[in-house]
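FYI, it's all coordinate maths here, none of it is from the lab. Fair warning: this is a prediction, and the values are worked out from it, not measured in the lab. Here Cβ is always computed from backbone atoms with ideal geometry, including for glycine, and neighbour counts include all displayed protein chains.
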Ligand code: HEC
């Protein structure tokens, strides 16, 4: 089965099974979908602080390359192609789960733009990363509908989640 088909077919039953809080279950369902491609037990361990910094920056960099393809389509700078959109959204979804493990204690120094506030407001930073992963889940679903308008809306919402975190926690 194509991965994007997988995403759309899984969400329906999750909502129906939700019962008490459909919206919340929908969000966590999307989170599950977004994380579905990342095997459990894969969470990174780092030999030294510099490795953690390099890891998160590289993960964010790779994610950005694939998000840029989607943004270009959403902005009409690249022709819309549903298959390419779905493929790139899948990479974004898989990458979106990774950077956060690299924000380990004591890595606000060195070759990094991470602000020290990340470790002072840990809960807020985690919530922003979780909200972001939910948006990326929606992006993946939207990329599978074959409708450019769906992609545009989801790209905008996702970019908003990038910005919300960068404004607060990434140095200029
Ligand atoms: C929860 C917070 C958060 C979210 C969400 C987030 N970022 Fe970031 N991003 C950061 C922080 C913090 C840094 C600085 C990391 C460092 O220098 O150690 C960063 C750095 C980057 C970098 C620079 C990586 C490098 O090579 O140095 C890119 C590119 C990037 N983010 C793209 C994105 C994009 C695109 C999105 C959304 C699709 C996004 N980020 C979402 C927090 C976030």
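Entry for the stretch 110-172 at q = 0.19 Å⁻¹: log10 I(q)/I(0) = -0.72, Debye formula applied to identical alpha-carbon scatterers, no solvent contribution. Here 69, 126 are placed in order of increasing Cβ neighbour count within 10 Å, fewest first, which gives 126, 69. Fewest neighbouring Cβ atoms within 10 Å first, the residues 147, 56 line up as 147, 56. Kirkwood radius, the stretch 67-136, all distinct C-alpha pairs, inverse of mean reciprocal distance: 14.1 Å. Here the contact order of the stretch 53-141, divided by its residue count and restricted to Cα pairs under 8 Å and six or more residues apart, works out to 36 percent.
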